[in-house]
1. Per residue of region 249-265, in order, report the coupling 6.51 cos²θ - 1.76 cosθ + 1.60 (Karplus, θ = phi - 60°) as ³J(HN,Hα) in whole Hz, putting x for Gly and Pro.
2. A 32 angstrom limit on the alpha carbon distance is what I want to check against. Which of Lys165/Lys319; Lys262/Lys317; Lys165/Lys247 exceed it?
3. Just to be sure I follow: if Rg is taken over the C-alpha atoms of region 37-89 and Rh is the Kirkwood radius over the same atoms, what is Rg/Rh?
4. Taking θ as phi - 60°, what are the ³J(HN,Hα) couplings along region 307-319 by the Karplus curve (6.51, -1.76, 1.60), each to the nearest whole Hz, with x for Gly and Pro?
5. Can you give me the distance in nm between label points at Asn51 and Thr259, each placed 7 Å from the Cα along the Cα-to-Cβ direction?
6. Long-range amide H contacts for Lys370: which residues qualify at under 5 Å (H placed 1.01 Å from N, peptide plane, sequence gap of 5 or more or a different chain)?
7. Would you mind computing, in nm to one decimal, how far apart the modelled labels at Glu77 and Met280 are, each placed 7 Å from Cα along Cα→Cβ?
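Just so you know, all these numbers are worked out from the coordinates, no wet-lab data involved. On a predicted model such as this, the values are computed, not experimentally measured, just so you know. Counting neighbours? That spans all protein chains shown, and the Cβs are built from the backbone with ideal geometry, glycine included.
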Amino acid sequence: MKLTHKNYSFIIYILGIVFIYSCKDKREQTHIERPYNDNFYFLDFEKELENLNYEIDTITINSIAKNIEFVNFEATERSLLSDLNLMVAESDDDYYVSSGMFHTSSGVLRFDLHGKFKESLIEKGQGPLELPYLNFWSMNDSLNLVSMFGSAIKTISYNTHNYTKHSFLLESYGGHPIQLNDSTYVAYTSVFPAMDNDVPYFVFFDSNGEIVHSLHYPQGHNVGYEVSQDHPQGLIYEGYGIFKDHKNNALLKDVFNDTIYKAKSKDEILPYICTYRGKMTPQHRFVTDINRQASVIYIHHLAETENYIFTSYLYNKTKQTAIWDKRSRNIIARVVNTDQRSREFIRYRQIVKYRTPKGNIVFLNMIYTKENVIYCMLRVEDAMEFLPNVNSDSNPILVKFYV
């Protein structure tokens, strides 16, 4: 048969249809089966929650802990802490601790590894090396302390080796700069997407606050995310996220995107975790619809150790935490937060359940992770039940789970 131009067009059309359907099948299959890969974690929320064995709701953090350590921070007139917005970081020689908000802020306090108070490192105030309160921090070679000033961010960097401090101000960024191993910082520009396509959503900058790299959306990407100015933003359930992994890299979370990216530097940004939600994925146009909360999953926060990934999320109108085993990619424990006493200001951090030596179950806020350690906060009233030398005047107790 002689092949004409018309014949060629028909053949190309048929081959195109076959190619499209073959690609469609492969895409669907990847949601079900994902080959093991040390550099990428496919977490199938849809499958795990639809086939949930509710026995995992009874599993406590004790089941993965190889050892447990309690640190009782000395309570003096200069070192009083509360369980509100408590943050802890650990260096080779010290703990750095902060708690409270605004007029209740403790500043940043330094304790030795036995909990003995050493000094007030960063005072509460408006001076060049002072903070009115602490929003967030990250730990690398330096302790990077972040505070909001309206539309700006003030960061104080404290070098834990030579004990020097450095302060700089970032204008109009949403928050939470994390220092990467190449000494650059990364932050997001707004908690929620900007409608202006010229506004980047993640920026990288140097220690002087100068932008060295930025990430932008394609034209018109956020057209479906319009929110009226008089809408209470507290009802917007999913925003950007930036978290630290267990090797001091940054994990970047987009809005309604299942893929979490790892930023090792401004030039090395790779897919790292897929929190696949399938039909439970929220849609832009329903972002403020309170009646649709129960049927979708809103991802809030991630943390990790060498062997586990911790995700906090909103599902069925409850705040939940799932603990994923990195090897199996399965949920091995889930916590539905029913603790009415929670005063956690950083509302989206993970919650775990701990069985005390006397057999009681208490809820603990996760506040920090390192490669093989999970740091949690134990309330004084719960600690008094089983720990000696703890009374109503004590500071909240740090619990370290070695996993």
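1. 8, 9, 9, 10, 10, 7, 8, 6, 10, 5, 8, 9, 9, 9, 9, 7, 7
2. Details: Lys165/Lys319 37 Å; Lys262/Lys317 29 Å; Lys165/Lys247 23 Å.
Beyond 32 Å: Lys165/Lys319.
3. Details: Rg = 18.9 Å, Rh = 16.2 Å.
With Rh from the inverse mean 1/r over Cα pairs, Rg/Rh is 1.17.
4. After applying 6.51 cos²θ - 1.76 cosθ + 1.60, I find 10, 9, 10, 10, 10, 10, 7, 10, 8, 6, 6, 10, 7 Hz.
5. 2.6 nm
6. Under 5 Å from the amide H of Lys370 lie the amide H atoms of Tyr375, each far enough along the sequence or on another chain.
7. With each label point 7 Å from Cα toward Cβ, the separation is 5.3 nm.
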